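Remarks on the structure that follows.
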Amino acid sequence: MLASLPPSAGDTILVGVDGFSGAGKTALSEALGRREGVQVVSIEEFYPGWDGLAQGPPRAADGLVEPLRNRRTPRWRSWDWEHDREGPERERPLPGPVVILEGCGAGARVLRAHQALTVWVDVAPHERERRLREREDWPAYAPHREAWQHRERALAVQEGLPEAADALIRYHSDGSLDIRPSPLR
């Protein structure tokens, strides 16, 4: 279905997959990314560190969306999380008609304006927390969890999410999901 959407950023069908930490955004995006012609980019590459959630969407707009809109190869400096600094600038060719930008903030207005589809992924709060604690990167994430949770909630409110998303996907504990149009659509 994604490939049937109209291009929204130059010749590219840009899809945003947003939601709170632990909701299942990455798993959903990776599953979609296994299909031919679908590339996945994590917005985490655009956050300038643990305090940079709000700066991620405008940086993604500059490094990813604007080049796609102008039919150029995207270029950006990914954050080096291990050394807590900005990495070298690099080109990121994204062949194929569909690019999924996934992560907290991927549905922000500055990005949503150029997306063919914006999806909000959710799961019960206790399930998000369980998933986070089972992740391989939990030891690095744990000291930042409380502040990050506050920032992601504030960003969602500021950006009108999840209501402004085109579709809401909710995971259930039995592994099933509900897919519904946003209440504002």
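List every residue pair whose Cβ atoms sit under 8 Å apart, with the two residues 6 or more apart in sequence or on different chains, where the first one lies in the stretch 119-143 and is outside any helix (DSSP H, G or I) and the second, anywhere, is hydroxyl-bearing (Ser, Thr, Tyr). Every condition considered, the pairs that remain are 120/182; 121/171; 122/171; 123/171; 124/173; 135/141.
Considering the stretch 160-184 alone, what residues qualify as being without any contact (Cβ under 8 Å) to a residue 60 or more places away in the chain, in contact with a helix residue (DSSP H, G or I) (Cβ under 8 Å, 6 or more places away or on another chain) and closer than 18 Å to residue 103 by Cβ?
Residues satisfying the conditions are 160, 164.
On the stretch given as the stretch 150-174, residues that are surrounded by 17 or more Cβ atoms within 10 Å (Cβ to Cβ), in a loop (DSSP other than H, G, I, E, B) and hydroxyl-bearing (Ser, Thr, Tyr) total 0.
Out of everything in the stretch 89-118 that is assigned to a strand (DSSP E or B) and of a type in the set (D, E, K, R), what residue ends up being farthest from residue 52 (Cα to Cα)?
91
Screening 7, 58 for residues that are modelled with pLDDT of 95 or more and either charged (D, E, K, R) or over 17 Å from the mean Cα position of the chain (by Cα) (or both) leaves exactly one candidate, 7.
Applying a threshold of 8 Å to beta carbon distances and a minimum spacing of six or more residues, or different chains, the list of pairs starting in the stretch 72-85 at a residue that is among the acidic types (Asp, Glu) and ending at one that is surrounded by 11 or more Cβ atoms within 10 Å (Cβ to Cβ) and assigned to a strand (DSSP E or B) reads 80/86; 80/87. Tell me, which residue of the stretch 96-149 that is open to solvent by less than 50 Å² (accessible area, probe 1.4 Å) and basic (Lys, Arg) is farthest from residue 170 (Cα to Cα)? The selected residue is 145.
The values are calculated or read from the model by the stated rules, or taken from the named source; none is laboratory data. It should be emphasised that the depicted structure is a prediction, and the values quoted were computed from it without experimental measurement. Note: ideal-geometry Cβ built from the backbone for every residue, glycine included; neighbour counts use all protein chains shown. Just the protein is used for accessible areas: all its heavy atoms, side chains included, with ligands, DNA and RNA removed. Shrake-Rupley method; radii C 1.70, N 1.55, O 1.52, S 1.80 Å.
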